[in-house]
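Participant: Here it is, the structure in full.
The values are calculated or read from the model by the stated rules, or taken from the named source; none is laboratory data. Source: prediction; values computed, not measured. Please note: Cβ atoms are built from the backbone with ideal geometry, for glycine as well, and neighbour counts cover all protein chains shown. Calculation scope for accessible area: heavy atoms of the full protein, side chains included, ligands and nucleic acids excluded. Shrake-Rupley method; radii C 1.70, N 1.55, O 1.52, S 1.80 Å.
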Amino acid sequence: MTDALGQLKERSADLVDLTGVVRLLSWDQQTMMPPAGVGHRADQMALLQRLAHERLADPEIGRLLDELEPRLDSLDPDSDDAALIRLVRREHEKAVRVPSSLRGEMARAAAEARPVWVKAKAESDFASFLPALEQTVELKLRYVECFEPRDEPYDILLDDYERETSTAEVRALFEELKPPLVELIAELRDREVDDSFLRGDYPAECQRELAHEVVDRFGHRPGSWRIDPTEHPFASGAGRDDIRITTKYEPDSLKSLFSTMHEYGHGLYSHQQPEHLRRLPTGGPCSLGIHESQSRLWENLVGRSLPFWRFFYPRVQAAYPERLGGVELERFHAAVNRVQPSFIRIKADEVTYGMHVMLRFELEQDIVNGRVELRELPDAWNAKMHEYLGVEVPDDAHGVLQDIHWSGGMIGYFSTYLLGTVMSVQIWEAAQRDLPELEGQVERGEFAPLREWLGAHVHAHGRKYPPQETLRRATGSTISAAPYLAYLRDKYA
């Protein structure tokens, strides 16, 4: 007869498999599914999310955990088994507070809202999206009410994406970042940089070939990845050997290269999760902040660096000889790093990017705390864009409708983009300390050393530890604004 720990692992493996199926259905909806299939998909997502939730909240899970609790004292705190017991206890205690019917309603609403958002964005019509958003927010507020009050209601939503992190902690970090970022933006926004050649005729087929090449150059196991186009790029898949990343090919720019590198970082994190934990919750990604640190590292620390473009720019020139044949490397590198306040977060430069995230973080707290009416969100959004970046938003598609997150109910997610960006610099610097030839390796197109270092120092921990402990084990310290700010000053001085 299987003992309590074996039974807990068996039940946890079922949960991991169910979650993988949910991810595949979501991926399919955003890439392949016929638009008319949304009703079927909403039914399927609601059922699967409800089943997964019921399994996690099952009293038998609680009984097994109670039986295993005395064993924790005799286990190495760093052992896989101790980490599993701690993590499942945490997730189970959260799950028992939430009715499975509510979890199903939230999944259904997200599936139904996605195509509404796509159409609303295409038509720049916030009013048509408002009813779906109202339903999403109402469900999220009901979810918050399931838990004991915390210092701030937003803490409950943030914890789903960045565990053991409070709104106050994030706010303090952002308040430390904001003044120097505003100062740097003011200093750089009028600097003359010619990037006119980045706008023009860039056929999508060549972009697709470059996207596949850069992912193959960065590296992965054969037969385990795919890249597909979508409206809003994301990474997904069923597990470490089923990685599905997406990008968006726009015929008048090369932004798809950077979104592809960004999603590669996400994909690699899942690709290099520990094999021996692959069907256990401890074998998943630690948090969205750590996840974003990986995507931002490949997008920015690698993908916007001069060593990388010394290696890869000749390939881009060969793909677009008429557009780039006469543009020297230094001009191209300066152009893709130009600091210029803009409307779209996923296209923003490294310096202004943080202000986009802070805006969303603040607006989400206003939503949860009832400080802003949902119908007034476009005006609130536009006012903050003017205050933080000095730009006048021309329409909702370039403003409040640009991100997919709220249609999917992902309220609490946005701050992790900037948390991850800050942590990416700390992780990069730790890698540089251990790999003194790292920049030369990147310049030669040798990405295996970095990939393997990340695998050993970040990815191998899976979800065994909270995000700040994972970061400490990888870099020697918890999150700090100082390395990130120093990196920006040094790069853009």
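Participant: In debye, nearest 20: dipole of the range 334-477 around its Cα centre with unit charges on the Cβ of K, R (+) and D, E (-)?
Facilitator: Numbers: 14 positive and 21 negative charges, 108 e Å.
With only Lys, Arg, Asp and Glu charged at Cβ, the dipole is about 520 debye.
Participant: In whole Hz and in residue order, list the ³J(HN,Hα) couplings for the range 216-227 that follow from phi through the Karplus curve 6.51 cos²θ - 1.76 cosθ + 1.60, θ = phi - 60°; x for Gly and Pro.
Facilitator: 5, 5, 4, x, 5, 6, x, x, 10, 10, 8, 10
Participant: Enter the accessible area of F361 (Å², nearest 10), with the probe set to 1.4 Å and all protein chains included.
Facilitator: Estimated to the nearest 10 Å², F361 gives 10 Å².
Participant: Report, ordered by chain and residue number, the aspartates and glutamates lying within cross-link reach of K347, taken as a straight Cα distance under 15 Å and ignoring same-chain residues fewer than 8 apart.
Facilitator: Partners found: D195, E231, E250, D252, E263, E299, D403.
Participant: Quick one: if the Förster radius is 45 Å, what FRET efficiency do D190 and E148 give, using the C-beta to C-beta distance and rounding to 0.05? Please report the intermediate quantities before stating the final value.
Facilitator: On the way: r = 50 Å, r/R0 = 1.12.
E between D190 and E148, to the nearest 0.05, is 0.35.
Participant: Restricting to DSSP loop positions (anything but H, G, I, E, B) with no more than 14 other Cβ atoms inside 10 Å of their own Cβ, which GluC sites (Glu not before Pro) remain in the range 327-363?
Facilitator: Answer in residue order: E328.
Participant: Something else now. Over the heavy atoms of V144, what accessible area does a 1.4 Å probe trace out, to the nearest 10 Å²?
Facilitator: Here the accessible area works out near 20 Å².
Participant: Can you tell me the orientation of helix 80-95 relative to the chain, as the angle in degrees between its alpha-carbon axis and the longest Cα principal axis, to the nearest 10?
Facilitator: The angle comes out near 80 degrees.
Participant: Can you report the principal axis dimensions of the chain using only the alpha carbons, biggest first, rounded to whole angstrom?
Facilitator: 71, 52, 44
Participant: Tell me which trypsin sites (Lys or Arg not before Pro) from the range 199-228 have a DSSP coil assignment and no more than 14 other beta carbons within 10 Å of their own.
Facilitator: On the way: sites: R199, R208, R217, R226; in loops: R199.
Hits after loop and neighbour filter: R199.
Participant: Mind checking which lysines have their Cα closer than 18 Å to the Cα of K140? Skip sequence neighbours fewer than 8 apart in that chain.
Facilitator: Counting by Cα, and skipping residues close in sequence, K140 has these lysines nearby: K94.
Participant: Another one. What would the Debye formula give as log10 I(q)/I(0) at q = 0.15, 0.25, 0.29, 0.31 Å⁻¹ for the alpha-carbon point model of the range 439-484, no solvent?
Facilitator: -0.50, -0.89, -0.96, -1.01
Participant: Okay, moving on. Suppose each label sits 7 Å from its Cα in the direction of the beta carbon; what would the E10-S166 distance come out to in nanometres?
Facilitator: Taking the two extended label points, one gets 4.2 nm.
Participant: Using 0.36 nm per residue, how much length does the chain from R199 to R331 gain when fully extended, once their Cα-Cα distance is taken away?
Facilitator: Working: separation 132, 0.36 × 132 = 47.52 nm, distance 1.41 nm.
Between R199 and R331, full extension yields an extra 46.1 nm.
Participant: Continuing with the same structure: Residue separation times 0.36 nm, minus the C-alpha to C-alpha distance between V21 and R489: what's the value? It would help to have the intermediate numbers written out before the result.
Facilitator: Details: separation 468, 0.36 × 468 = 168.48 nm, distance 4.39 nm.
Contour length minus Cα-Cα distance gives 164.1 nm.
Participant: Amide H of G237 versus every other amide H placed in the peptide plane: which residues, excluding those fewer than 5 positions away on the same chain, fall under 5 Å?
Facilitator: The answer is R244.
Participant: Could you pull out the trypsin sites (Lys or Arg not before Pro) across the range 419-493 that fall in loop regions by DSSP (anything but H, G, I, E, B) with no more than 16 other Cβ atoms inside 10 Å? Show your work: numbers first, answer last.
Facilitator: Numbers: sites: R433, R444, R451, R463, K464, R472, R473, R489, K491; in loops: R444, R463, K464.
Answer by residue number: R444.
Participant: Given an 8 Å cut-off on Cα distances and at least 6 residues of separation, report the relative contact order of the chain as a percent. Write down the numbers at each step before the final one.
Facilitator: On the way: 697 pairs, mean separation 98.0, N = 493.
Relative contact order comes out at 20 percent.
Participant: Compute the normalised compactness of the range 231-374: alpha-carbon radius of gyration over 2.2 N^0.38 Å, N being the residue count.
Facilitator: Numbers: Rg = 18.0 Å, N = 144, 2.2 N^0.38 = 14.5 Å.
In units of the 2.2 N^0.38 Å rule of thumb, it is 1.24.
Participant: Report the Rg/Rh value for the range 397-493, based on alpha-carbon coordinates and the Kirkwood definition of Rh.
Facilitator: Details: Rg = 16.2 Å, Rh = 15.5 Å.
Checking Rg against Rh, the ratio lands at 1.04.
Participant: Whole angstrom only: what separates the Cα centroid of the range 358-390 from the Cα centroid of the range 2-78?
Facilitator: Between the Cα centre of the range 358-390 and that of the range 2-78, the gap is 34 Å.
Participant: Step through the residues of the range 375-384 one at a time and calculate ³J(HN,Hα) from phi using the Karplus curve (6.51 cos²θ - 1.76 cosθ + 1.60, θ = phi - 60°), rounding each to whole Hz and writing x for Gly and Pro.
Facilitator: These are the phi-based 3J(HN,Hα) values: 5, 9, 4, x, 5, 5, 4, 4, 5, 5 Hz.
Participant: Let me ask something else. Out of F218, V357, S477, whose Cα points farthest toward the positive end of the dipole of the chain (charges: +1 Lys, Arg; -1 Asp, Glu; placed on Cβ)?
Facilitator: Selected residue: F218.
Participant: Can I ask one more? Given H placed 1.01 Å from N in the peptide plane, which residues other than close sequence neighbours of D228 have an amide H under 5 Å from its amide H?
Facilitator: HN-HN under 5 Å from D228: I245, T246, T247.
Participant: Ignoring everything but the protein chains, give the 1.4 Å probe accessible area of R240 in square angstrom, nearest 10.
Facilitator: Roughly 50 Å² of R240 is accessible to a 1.4 Å probe.
Participant: For the range 68-217, what relative contact order do you get, as a whole percent, if you take Cα pairs closer than 8 Å and at least 6 residues apart? Let's see the in-between values first.
Facilitator: Numbers: 46 pairs, mean separation 19.3, N = 150.
Once divided by the residue count of the range 68-217, the mean separation gives 13 percent.
Participant: Set Lys and Arg Cβ to +1 and Asp and Glu Cβ to -1, take the dipole of the range 118-209 about its Cα centre, and tell me which of V144, G200, L158 lies farthest positive.
Facilitator: Comparing the listed Cα positions along the dipole, G200 ranks first.
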